[in-house]
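Asker: Okay, here's the structure, questions in a sec.
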Amino acid sequence: MKEQIIIDLTNEMIEQSIIQTKKRAPDLKPHFNNLNMTKEQGNQIGFLGEFAACTYFGLNWLDNIRNDYKTIDTHDFLLGNAKVDVKTESVPDNIFNLLKYQSTKIEKPFFKHSSILDDKPYGRRLINAGQREELEKKHVVLFGAVNRDSIIKQRNGVFLEHLSGWLPLGYVTVKKAMEYPIIEKKPFPAKDPKYPTPVMAIRSSDLLSINNLKERYTNHINTYKN
């Protein structure tokens, strides 16, 4: 097992996440309500995930920022011709540290150890059922996580001032995601047995390696350069 790379979230990224959250606020309806943070903080984490994913793939995250948010985006960024959707969740420190250690196998990256199993808490990656129609226009869904316990909030309590880093978890093709049924009941015993909204609950064992995706993209770019 080895530790997965974590993308630093710079001060510039934090500043831009605040700017873009303010700009996007009138046009944005959150897909999930997070009881651990404000709506603004949740939106910030979404932006930070996009910025960090661009960085991971060697793309300029600043160039990827939209001019406005009047319409629903068709993708978060492009890898060649592939339209990528980035979904970032916040998890507590103990889960974040478990997620950092992945198998080196390319085809099945992780979640084969400790308590992170498909049908246990934090074993599924969630896609809001309301996004199903717009998801069909994309090709890849990329999942990442941030450490909820590393958050430092601004004095006003509205926005995030610091976050330790973004952890890439893996990806699925949209074709694979669309095979999942829409469910409401969690696949494990819980105090609250239902998700807050209907979802497609992607098994973590179905995630493919983000390292493999990066290698394929790099080879694609190099092929066209040569």
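The values are calculated or read from the model by the stated rules, or taken from the named source; none is laboratory data. Nothing here was measured: the structure is a model prediction, and the numbers come from that model. Glycine gets a Cβ as well: all are built from the backbone with ideal geometry, and neighbour counts include every protein chain shown.
Asker: For the condition within 23 Å of Val174 (Cβ to Cβ), at pLDDT below 95 and surrounded by fewer than 22 Cβ atoms within 10 Å (Cβ to Cβ), what is the one hit in Asn97, Asn64?
Answerer: So the residue among Asn97, Asn64 that is within 23 Å of Val174 (Cβ to Cβ), at pLDDT below 95 and surrounded by fewer than 22 Cβ atoms within 10 Å (Cβ to Cβ) is Asn64.
Asker: Right, another one. If Ala145 meets every condition in (1) farther than 25 Å from Lys39 by Cα; (2) at pLDDT 95 or above apart from one, which number is that one?
Answerer: With respect to (1) farther than 25 Å from Lys39 by Cα; (2) at pLDDT 95 or above, Ala145 is out only on (1).
Asker: What pairs can you find where one residue is in the stretch 129-142 and under 19 Å from Gly170 (Cα atoms) and at pLDDT 95 or above, the other is surrounded by 18 or more Cβ atoms within 10 Å (Cβ to Cβ) and aromatic (Phe, Trp, Tyr), and their Cβ atoms are less than 8 Å apart, with a gap of 6+ or different chains?
Answerer: Final answer for the pair search is Val140/Tyr171; Val141/Tyr171; Leu142/Tyr171.
Asker: Of everything in the stretch 165-214, what is among the acidic types (Asp, Glu) and either modelled with pLDDT of 95 or more or closer than 20 Å to Glu134 by Cα (or both)? Give them in sequence order.
Answerer: Result: Glu179, Glu184.
Asker: When you go through Leu59, Leu35 one by one, which is the residue that is more than 14 Å from the chain's Cα centre (by Cα), assigned to a loop (DSSP other than H, G, I, E, B), at pLDDT 95 or above and surrounded by fewer than 19 Cβ atoms within 10 Å (Cβ to Cβ)?
Answerer: Leu59
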